[in-house]
Amino acid sequence: FLVGLTGDDNQVRKYLDPYDDGRTLTEDEVSAKSREITGRSPDYEQLQPVTKRSIVLRMLENLLSVAGKEAAQSRMNAYLDAMLALAPEYLERRMMRAMLRYQNGRLEEALADVDCAVRRVRESGLGLDEITPAEFDLPALAGDLAAMAEILHTGRGFVRLQGIDRAR
């Protein structure tokens, strides 16, 4: 997380490291710090100014990551709620919240999140062959979904799902 100071033309004039007492960094030092932390140099887009909303979402992503490593589901739910209040279009995070809700026995709320995600994908105009895992990230179901795909493609050609209202 670095701070870039821009001029009147909105071009970054210098970078500050808020975690190092606001030390001024050159572009080369920014690249070196990026390589040290992420293993790669930043691209042009990553060095452009961002909105306050983007900063808050990034902070929530970081908090979500920490809560996930600690298996703190209540904190994860709170961060996901905040993220989706700011960015309801984040389908990946909506699906993550659906999975957490499902795992905590909150089936109706989980299905409401899935319904919302399906509605957003339909509104996007994507065809079935254009939908990727990025639209529906379901890590908790990845193994089951892979097994179902195998049955559909090389096995009997159908899979029976139970417990979901067909009207949905």
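Checking each residue in region 11-55 for being closer than 30 Å to LEU84 by Cβ and among the polar types (S, T, N, Q) picks out SER34, THR38, GLN46, GLN48, THR51, SER54. Cβ-Cβ distances below 6 Å connect the following pairs, each with a first residue in region 89-108 that is closer than 11 Å to GLN73 by Cα, a second residue that is acidic (Asp, Glu) and surrounded by fewer than 21 Cβ atoms within 10 Å (Cβ to Cβ), and a separation of six or more residues or different chains: ARG101/GLU109. Filtered by the rule that a residue be in contact with a helix residue (DSSP H, G or I) (Cβ under 7 Å, 6 or more places away or on another chain) and without any contact (Cβ under 8 Å) to a residue 12 or more places away in the chain, region 41-58 gives a lone residue, SER41.
Table: residues versus (1) at pLDDT 75 or above; (2) surrounded by fewer than 10 Cβ atoms within 10 Å (Cβ to Cβ).
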residue: ASP113; (1), (2): yes, no
residue: ARG119; (1), (2): yes, no
residue: GLU123; (1), (2): yes, yes
residue: ASP129; (1), (2): yes, yes
residue: LEU138; (1), (2): no, no
residue: GLY155; (1), (2): yes, no
residue: PHE158; (1), (2): yes, yes
residue: GLY163; (1), (2): no, yes
residue: ARG166; (1), (2): no, yes
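The values are calculated or read from the model by the stated rules, or taken from the named source; none is laboratory data. These numbers come from a predicted model, not from an experiment. As a convention, Cβ positions derive from the backbone with ideal geometry for all residues, glycine included, and neighbour counts pool all protein chains shown.
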